[in-house]
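Have a look at the structure below before the remarks.
Derivation of every value follows stated rules applied to the coordinates shown; laboratory data play no part. Computed from a predicted structure; not experimentally measured. Note: ideal-geometry Cβ built from the backbone for every residue, glycine included; neighbour counts use all protein chains shown.
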Amino acid sequence: MIAQGLVLLTQPDVIIALVVGTLGGMFIGAMPGLSASMAVALLIPVTFSMSGAAGITLLVAVYTSAIYGGSITACLLHTPGTPASAATAADGFALTKQGKGLKAIGTATICSMIGGTISAFALLFIAPALSQVALKFSSLEYFLIGVFGLTIIGSLAGDNMMKGLLSGCLGLLIGCIGLDIQSSAPRYCFGVLELQSGVQLVPAMIGLFSLSQVMFSIEDVAKGKSTVLDDNAKNLTGSPLLSWPELRPLLPTIAQSSIIGILVGILPGAGGDIGSWISYNTAKNASKHPEEFGHGSYVGIAASETANNAVTGGALIPLLTLGIPGSGVAAIMLGGLMIKGLNPGYKLFTDPVTGPVVYCIIIAFAAANVLMGGCGLLVCKQVVKISTVKMTILAPLIIALSTVGSYAVRQSMFDVYVMLIFGVIGYFMRKYGFATAPVVLAMILGPIAETNFRQTLVITKRTGLLNYFLTRPISICLAILIVVALFSPLLMKIINKKAIASDPNVLADTAHED
């Protein structure tokens, strides 16, 4: 079957779909507001006249490359092109301001390629086994995953834990806006009809990250600064490729983040944004220098970008084997599969007609990640020049793109107003030392945790929540992980202090690095 899939991959229409999908996805991902799900949805009608192999190849290529494309503007402009790249913005933009934007994009490109390729091999060889894990998850497990994700807020709090927690509470409060999931009663809508569907994540994220950065840029222009680069920044020359001494410290993070991304991708509804945040937090807790995160850490970029692209392959595992989409994009792609007569399930892989097509799609997915990495490295030196453009030119362009991106989500001017309001909120939050990342994270995970907790209460009305919890080993494991996540930063500080106290060389190295 694999050999027949390779033969299908050499067909001209499949090759064209692969190249067009990869390049188009990178461009779409880099545009604020134009998400991978939007691109895949718009392209499904295009696939009607294409063969099954070419049509689905186009969709999966757009999917994976759009997730990567979001890292380009996240690094250069502090404007995540997709929610999955939000965790990349802090470290990537900090490096760009230092004149290291070329290396930041190179790191994001290489790690995205590796994460996506590893997830493609997982999809190819261990899909049926991994997909069975998703079937064992109930609403209680999804609630605990939401809570586990919320423990990351402490790591994203920055220098002031209390301000970070307040930012997270603001995100949870915003996540409550809309109709109650059980009674359908409006909550915090204040008579505004558009708020009944909740505050849309993309316009809010664009405002918090992109528009707030524009306001800071306007301040810098008033002070006489012309570009986003710091005054002492180095030249944007060199190679985007990582040397072996630079890549070697990232390898454990890449391996760890690939596994996290694949596992998160398997879980229905999780997505690249959750995968990137969990991976980022895990890497930070495991780091000997967690204070570098948010200030220009290559490890932070590697964790985020490896995981969010590994999620893409993970999300396709339950989609192809069980017909359960692991992300919003995979849900849209399910429609494309059904249109082409590719009904998910075990027979999809073993049927002599559909088997070669599926293996062609999987191999094309791996090829798309490799092609994406190669193209990304080729254009790095050109796109990084954005950071040298005068802010008087760049700021209006960012505002225009942000406005178009916010409007494109639902073709609604209300979302543009949301973007403007969150831009002002983000500006004042950052100005007074409140981190904006916890707001976005809480907006994503708050509704997930609330919905599944209330569903769990309904399920356990007779048996009792505690009894139900104790009969589910996965829930117990997740609860232990939550406790570990809560106390791991404190434990790491104690371990590092003991290491420094017992080894004078560690103290000397730390002082030298500072």
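Odds and ends about this structure:
- Net length gained if the chain between ILE480 and ILE399 were fully extended (0.36 nm per residue, minus Cα distance): 24.7 nm
- Between LEU173 and PHE469, the FRET efficiency estimated from the beta carbon spacing at R0 = 30 angstrom works out to 0.65.
- Exposure proxy ranking, count of Cβ atoms within 10 Å, fewest first, for LEU123, LEU150, LEU377: LEU377, LEU150, LEU123
- Extent of the range 258-403 along its three principal axes (Cα atoms, max minus min coordinate, largest first): 57, 38, 29 Å.
- Sorting the segments 92-101, 170-179, 407-416 by their mean number of nearby beta carbons within 10 angstrom, highest to lowest, gives 92-101, 170-179, 407-416.
- In this rough spin-label picture, where each label sits 7 Å from Cα along the Cβ direction, the LYS461-ILE44 distance is 3.4 nm.
- Annotation for VAL20 and SER183: the two label points, set 7 Å from Cα along the Cα-Cβ direction, are 5.2 nm apart.
- The order of the peptides 181-190, 42-51 by mean Cβ neighbours within 10 Å, most packed first, is 42-51, 181-190.
- Rel. contact order, % - alpha carbon contacts under 8 angstrom, at least six apart, the chain: 28
- Put in line by how crowded their Cβ is, counting other Cβ atoms within 10 Å and starting with the fewest, SER139, SER167 read SER139, SER167.
- With Cα atoms as the point set, the range 1-137 shows a radius of gyration and Dmax of 16.8, 50 Å.
- Distance between the modelled labels on LEU378 and GLN4, one decimal in nanometres: 3.3 nm (7 Å Cα→Cβ projection).
- Sum of -39500 (n - 2.57) over DSSP H runs of 4+, divided by residues of the chain (222 nm, nearest 500): -23500 deg cm²/dmol
- ASN160/PHE428 FRET efficiency (R0 25 Å; Cβ-Cβ; nearest 0.05): 0.95
- Once the convex hull of all Cα atoms in the range 8-88 is built, its volume per residue stands at 71 Å³.
- Among 60-69, 289-298, 255-264, the order from most to least packed when residues are scored by Cβ within 10 Å on average: 60-69, 255-264, 289-298
- Over the range 64-103, Cα pairs under 8 Å with separation of 6+ residues give a relative contact order of 33 percent.
- Extension gain, VAL389 to ILE339, is 13.5 nm, computed as 0.36 nm per intervening residue step minus the present C-alpha separation.
- From least to most packed, judged by other beta carbons within 10 angstrom and beginning with the fewest, ASP13, ASP180 follow the order ASP180, ASP13.
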